[in-house]
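Below is one structure, written out as structure tokens; comments come after it.
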């Protein structure tokens, strides 16, 4: 036991100094070594057991892990990308729900006085969001701007402002990081040696697929990708004549005019419907139903329009349909935001709650139409294609349309987060239900798409669309609301202020009374509110970019020179390798000639 606590060198010296025979000292040395080794093993085993426990606990905490593996194994990575995107959006909304409930809703529920609702709950409020929910914490009007008297005091105005701002900033950072990482992985790295047909043929097989049907689908998809790549090369070589070019350009121009006309007509119809007071009073659900019908019918018309364009490249057809659908959805949301921010504040006393209720109704009706689409668009379509009209076949899982629906719903959730802090509850429940319904419908009614193209690159496009115009548009709307619009005088945490942002001015003014917090006031006044500071920052960045640009260009030229030199060196080595056998043969022949000449001379 005394030897075990010693270091290796001291232990050897102690064993050598023992007054014992050599065999006994050898036995003691081996025994001490075994004991130390067993102690190390026990420590390592405990360490690895703890690591395995933490890893298994982490695996159990990750939602839908086994389900996602099953989907990827049966239907491939292209279909799996939709469910991964849905899970990613669910994490956004779970995070929003947690921080909003902890920092905004919970203090309001615990410390604010109980306000009993005038109207009773009838059940219809779940669709409309009005009546019973008017004065609840579900919407903006259920919060007040009083300072909760506690130790320390809790300012509801600052909590409301900073919680929403922090969530939007974190969403923006996460989107930028995910978009840059996906772009680097799927576009920058794909331009190297792994982008050719040989790599796609020999190295691109998805070995996670184990289902026989999915394997056959992947084979067909791989063949289609090779055909698409070869057709793109043939199109580059086979140039069209001038008359064919004019014909194609005319068809594309006509299709775009029709598409933009449908989008503008839909936006104009929604604007006049929203500004008509008689129609609004007639039914609170009329506007969201019309919006959902437009989002359902107009993309089908876009598909009919795309047939006259006769795209030879399926991937180009997918991108064009995505762009047109995004223009339609964003124009509708833009018209609605313009109506909410320009006409509603002047006509409704608690206009923030009205906007929150409008967004709530849009989310509810969109969810109902999504359920109807799963039943009629996938289940009945499968029944008709397999039992009645077998030539139609099993419907394909439309990845682009389903992902665009998710982007539209997430945009609504981001718009409503300022006007309804608990709106992420609805979005979380909606995404949970859609995940399982889509999984069941995919297993029973659909087949993987035959024309997936490059699924990873399309996923990058979806993340980019979620950032712009979706997130950027929402950020602009919330910023305009906070900086420019006067809040309601009868409800909400910012009542009595000129703009919600004035709560920051009031806070910094109150900080001046505390000497230990003067540094916060100095940073706000001299940095955040200083136009000179931002001008100097922009000037420094501009000069820095001008000074760095020549060095970057020179570095690029140096790399090109070294790459050219390396290629020349490799070429010389290949030539030398091909020249050496000839030199050896000539040397052997000359040696034989000399030997024969010498023997004949003798």
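The values are calculated or read from the model by the stated rules, or taken from the named source; none is laboratory data. None of these values were measured; they are calculated from a predicted model. Neighbour counts run over all protein chains shown; Cβ positions are idealised from the backbone, glycine included.
Some notes on this structure:
- Of the helices (runs of 4 or more DSSP H) that lie entirely inside region 274-369, those containing 1 or more residues that are touching a residue at least 12 places away in the same chain (Cβ under 8 Å) and touching a helix residue (DSSP H, G or I) at 6+ places or on another chain (Cβ under 6 Å) span 286-307, 314-342, 344-347.
- Residue in region 254-268 that is at pLDDT below 85, assigned to a helix (DSSP H, G or I) and closer than 29 Å to residue 298 by Cβ present: no
- Here 363, 341, 371 are screened, and the one residue that is in the same structural domain as residue 447 (by TED's automatic domain parsing), surrounded by 18 or more Cβ atoms within 10 Å (Cβ to Cβ) and out of contact with any strand residue (DSSP E or B) (no Cβ under 6 Å at 6 or more places or on another chain) is 363.
- Selection count where residues are modelled with pLDDT of 75 or more and surrounded by fewer than 17 Cβ atoms within 10 Å (Cβ to Cβ), scope region 108-124: 6
- Every residue from region 305-333 that is at pLDDT below 85 and farther than 18 Å from residue 407 by Cβ: 306, 307, 308, 309, 310, 311, 312, 313, 314, 315, 316, 317
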